[in-house]
Amino acid sequence: MSRNIALLLFAPIFFVSACGNVATPTNAVTLLPKDCRMQINQRMPLTLDGVVPPNAVVQWEADAGSISFSPPGLNAFFTAPSQPFIVTISVTISSGTPSVQIPIARQCIVVDPNSAPAQPEPNPASTITSQVSEEPISIYPTIIISEVMANPCGGVEVKKWNEYVELYNFGDQPVDVAGWWLTDNGGSGSPDQLVSWSQRNPTKLLSGSLITNTTVISAKGFALILSPSYADGGYPYVMPYNIPANTVILTAAESHSLGDDASSLVGDGQGRDVLILYKGGESVIQETISTYGTPKSAQYVANVSDNYLDSLPLDLHECSSIERIIPTGGDSVGNWREILNGSPGEAPY
């Protein structure tokens, strides 16, 4: 059994005009197969589907396992690693004078059919609890980062209290995210361990229509990760969102804002942050669940960073969030759109 994730990643192919200085999109190139799910040590053929310029140089890379190809590089063979992993396969197409490089990336989920996914180690600094669900809880995560509000309205001292990260469960069973971690690539601080709102803030009440006493996200349901200070009231703490009823509200177990402790999530300018939702510990990433911003694959939290192969994470306008378009689609430029004022707790899925 494996997670039903179809990873759709597209990149445009360019040609250089006769003048030699204008790049024009001509065609979409797709990396096949679209649904890349494998068992450990399995070998899978990969191919580029689309029009590649005849003079193009194609390079394939994988951050785990091995990959082999020969010129012109339109096809490759990938051998999965011997341990479960989410492998990022990157293809760079270089063409023209001057050179125009078009990166394509896809994540392949590698599972061990003889073992369950690794469970996070307990954190002695905090006790994680969740409401007991009467339905069976899925052991295969079907949770994605579906929206990131990283550039709310207002000044710096207002923004970091009103940021949120939205999670969506595209599966058919509830998933308990208790003890999972969210990290960005901020320069200091530590990742945020997820707990229910009421566990961190038993006296800070939110709307009675919201679910604040559980970390279980129902099938086809949404959860919002809010700053622990979101409900403090008064300047600079502002509560600007009308969150739909029955949205699960989560928060950080210890820190005072989301992401980096100094500047929180950064969604604009050159220093904007990537995000990784993962299982593991405060310093080690055991299993990556979902990402935003196409970060490099990392085993240690301290090494999380942008891969700089595309325009993600997007440079958001003020008062805007970014929302995943296809819930089972990949973390790619074409699968995110900017949403003015955000849409916390809802999406057209």
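Some points to look at:
- Residue selected from region 212-242 under the condition β-branched (Val, Ile, Thr) and surrounded by 21 or more Cβ atoms within 10 Å (Cβ to Cβ), by the criterion nearest to Lys160 (Cα to Cα): Ile225
- Scanning region 324-340 for residues that are in a strand (DSSP E or B) and within 19 Å of Gln107 (Cα to Cα) gives Arg324, Trp336.
- From the list Pro45, Pro54, Pro71, the lone residue that is assigned to a strand (DSSP E or B), more than 11 Å from Val110 (Cβ to Cβ) and free of Cβ contacts under 8 Å to residues at least 60 places away in the same chain is Pro45.
- Failed item in (1) in contact with a Leu (Cβ under 7 Å, 6 or more places away or on another chain); (2) open to solvent by less than 20 Å² (accessible area, probe 1.4 Å), with Tyr278 passing the rest: (1)
- Among the residues of region 293-316, those that are open to solvent by 20 Å² or more (accessible area, probe 1.4 Å), in contact (Cβ under 8 Å) with a residue 12 or more places away in the chain and in a loop (DSSP other than H, G, I, E, B) comprise Lys296, Ser297, Gln299, Ser305, Asn307, Leu309, Asp310, Ser311, Leu314, Asp315.
- When Val148, Val156, Val165, Val177 are checked against the criterion of being closer than 22 Å to Gly293 by Cβ, exposed (fewer than 15 other Cβ atoms within 10 Å of the Cβ) and among the β-branched types (Val, Ile, Thr), Val156 stands alone in meeting it.
- For region 249-267, residues that are open to solvent by 30 Å² or more (accessible area, probe 1.4 Å) and more than 15 Å from Val158 (Cα to Cα) total 1.
- Per-region count, region 172-182, residues closer than 12 Å to Lys279 by Cβ and part of a loop (DSSP other than H, G, I, E, B): 4
- Conditions (1) under 25 Å from Ile89 (Cα atoms); (2) modelled with pLDDT under 90; number of the one not met by Asp273: (2)
- Subset of region 272-292 [closer than 16 Å to Leu258 by Cα, of a type outside the set (Lys, Arg) and outside any strand (DSSP E or B)]: Asp273, Val274, Glu282
The values are calculated or read from the model by the stated rules, or taken from the named source; none is laboratory data. Only a predicted model underlies this, so the values are computations on that prediction, with no experimental measurement involved. Glycine also receives a Cβ, built like all others from the backbone with ideal geometry; neighbour counts cover every protein chain displayed. Accessible surface areas use protein heavy atoms only, side chains included; no ligands, DNA or RNA. Shrake-Rupley method; radii C 1.70, N 1.55, O 1.52, S 1.80 Å.
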